[in-house]
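> Once you've had a glance at the structure underneath, I'll fire off some questions.
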């Protein structure tokens with residue numbers, strides 16, 4: 001009975017989504033108007049004359065593009081207890097994420113509006129769309145397993161807190177949500193990752209788990225430990241009513257086969273979400289497609305920078321009504337937590353304009369362009385998928401970077417890959433990877449022509465656990481931490497070699 005009632009409530013949200021599906025540009029205009037009206041008396045709003053802004057073009061002209069470094073002084077004021085700086089309502093929570101060149105960590109402000117109207121609304125939509133796609137679901141007859149991070153009191157003051165986004169959300173969930181999720185907060189928010197894994201396994205192994213939410217890499221670690229402790233062959237033997245894994249933060253492509261093998265049996269459903277520290281942006285509304293519906297009524301106003309413009313001193317931004325299919329764009333957001341024209345660092349590509357669907361293609365800083373080849377994460381994921389399918393291999397984790405050779409010698413790309421199932425012929429895997437990259441990326445193909453600029457890539461098969469040990473050495477186990485896929489230098493490669501040695 002309870003499952004039927006909750007499912008019915010979730011379906012009702014579908015009528016509200018229809019509004020932004022039919023009138024996307026008008027909804028985005030309303031979002032910008034709301035954001036400016038609420039914030040015109042903040043320190044940032046006064047400084048940039050929000051009260052004088054009458055149009056989207058005015059907004060682009062009067063407010064410069066921002067990144068974390070340019071907003072840091074304002075964010076630090078909020079962390080110290082000052083209010084009405086970037087956003088009018090009190091800021092007591094900060095989502096901690098990986099840092100910039102000038103800071104080890106970023107602390108993204110999370111307002112009450114961002115919690116309620118963005119992150120939690122996104123979670124409700126995730127469940128609503130899932131119920132709509134699978135009307136016979138028994139999702140709410142058991143518990144949802146959350147694989148999240150940890151948090152602790154911010155050192156600036158005793159009433160402000162920071163932690164992984166997942167931990168911030170868990171700490172702020174309404175009390176009734178505790179009846180439907182597991183493990184309890186005292187376990188879910190444990191700081192030490194390896195101890196937390198053991199406790200999570202102990203607590204959940206006998207529970208009725210119907211759904212799991214988490215980052216694929218760390219969720220896989222948990223599931224493998226569940227099998228070790230239980231002595232079972234598949235997860236469905238442990239949790240027979242498990243029906244869906246809600247995942248995000250990293251591409252699911254390298255992990256899907258591993259999950260299918262670990263889950264076993266009839267298999268389960270998979271649903272991708274795009275929920276970052278800065279906001280909940282998109283989710284997979286059609287299980288038959290691998291793209292994500294851009295959510296336009298979460299209190300976030302969107303702009304986009306073509307990556308062709310990225311290196312310009314003043315890159316031009318495009319509005320939602322100006323984007324085109326098949327172009328790689330850097331994402332720019334203005335949010336209901338006071339991030340104004342903020343370059344988040346992610347890149348996306350539109351796969352549909354009616355409705356607006358996107359695919360996450362990578363990061364503005366995570367790419368390889370040492371020789372003009374412009375390899376982005378999306379290229380890498382597609383090529384690795386082809387190489388794995390043709391050589392019957394499975395990848396657990398990977399990273400790649402350039403090798404600059406001296407004198408007249410050519411450069412190349414070095415790939416460090418940890419296989420869960422190694423190819424029987426590594427040379428064939430490399431050849432297939434190289435060929436796939438050429439077919440996907442014409443710039444790479446041009447640089448590889450007759451080995452004139454780039455030699456064939458080199459792939460090193462790493463021992464099991466290498467990436468885990470590397471992240472552990474950096475204090476980055478669990479939560480939002482993940483292996484960086486591409487870099488335009490050898491920093492990650494050299495660090496991994498040092499750990500191996």
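A short reminder: the numbers here are calculations on the coordinates, not readings from a lab. All of these numbers come straight from a predicted model, not from anything done at the bench. Because the Cβ atoms are built from the backbone with ideal geometry, glycine has one as well, and the counts that use them run over all protein chains shown.
> For segment 243-283 and segment 395-460, compute the distance between their C-alpha centroids and round to whole Å.
Each part's Cα centre sits 27 Å from the other's.
> What nm distance separates the two modelled labels at residue 18 and residue 105, each placed 7 Å from Cα along Cα→Cβ?
4.5
> Hey, another quick one. Let me have the relative contact order for the chain, percent, based on Cα pairs under 8 Å that are six or more residues apart.
Result for the chain is 13 percent.
> Please identify which residues in segment 342-370 have an amide N closer than 14 Å to a label point set 7 Å out from the Cα of residue 309, following the Cα→Cβ vector.
342-343
> Given a Förster radius of 30 Å and the C-beta distance between residue 266 and residue 389 as r, what FRET efficiency does 1/(1 + (r/R0)^6) yield to the nearest 0.05?
On the way: r = 23 Å, r/R0 = 0.76.
According to the calculation, E is roughly 0.85.
> Label residue 26 and residue 159 with points 7 Å out from Cα along Cα→Cβ: what is the distance between them in nm?
Going from the residue 26 label point to the residue 159 one covers 4.2 nm.
> Okay, next question. How high is the relative contact order of segment 116-189? Use alpha-carbon pairs under 8 Å, at least six apart in sequence, and give a whole percent. Don't skip to the answer; put the middle values down first.
Details: 61 pairs, mean separation 23.2, N = 74.
Taking the mean separation of contacting Cα pairs over the length of segment 116-189, I get 31 percent.
> Under the 0.36 nm per residue contour assumption, what length would be gained going from the current alpha-carbon distance of residue 256 and residue 327 to full extension?
Details: separation 71, 0.36 × 71 = 25.56 nm, distance 2.64 nm.
Stretched fully, the residue 256-residue 327 segment lengthens by 22.9 nm.
> Quick check on segment 367-500: of the DSSP beta bridges with both residues there, what percent are antiparallel, nearest 5%?
On the way: 11 of 17 bridges.
Taking every DSSP beta bridge with both residues in segment 367-500, the antiparallel ones total about 65 percent.
> In whole angstrom, how far apart do the alpha carbon centroids of segment 183-199 and segment 313-387 sit?
Taking the Cα centre of segment 313-387 as reference, the centre of segment 183-199 is 34 Å away.
> Additional query: Calculate, for residue 473 and residue 288, the FRET efficiency according to 1/(1 + (r/R0)^6) with r their C-beta to C-beta distance and R0 35 Å; round to the nearest 0.05. Working shown, then result.
Values: r = 41 Å, r/R0 = 1.18.
My answer for the efficiency is 0.25.
> Over segment 367-500, calculate the relative contact order: mean separation of alpha carbon pairs under 8 Å at least 6 apart, over the residue count, as a percent.
Details: 226 pairs, mean separation 44.4, N = 134.
The value is 33 percent.
> Separate question: Pop a pseudo-label 7 angstrom from the Cα along the beta-carbon direction at both residue 67 and residue 237 and give the gap in nm to one decimal.
Taking the two extended label points, one gets 5.0 nm.
> Turning to a different aspect of this structure: In segment 257-279, which residues have a backbone nitrogen under 17 Å from the label point lying 7 Å from residue 207's Cα in the Cα-to-Cβ direction?
Residues passing the 17 Å test: none.
> I need the calculated FRET efficiency for the pair residue 464 and residue 501, taking r as the beta carbon distance and R₀ as 25 Å, to the nearest 0.05.
Details: r = 17 Å, r/R0 = 0.67.
Efficiency, rounded to the nearest 0.05: 0.90.
> Moving on to the next point. Among (i) 24.0; (ii) 28.8; (iii) 24.7, find the value of Kirkwood radius over Cα pairs in Å that was calculated from the structure presented, and write down its label.
Looking at Kirkwood radius over Cα pairs in Å for this model, the match is (i).
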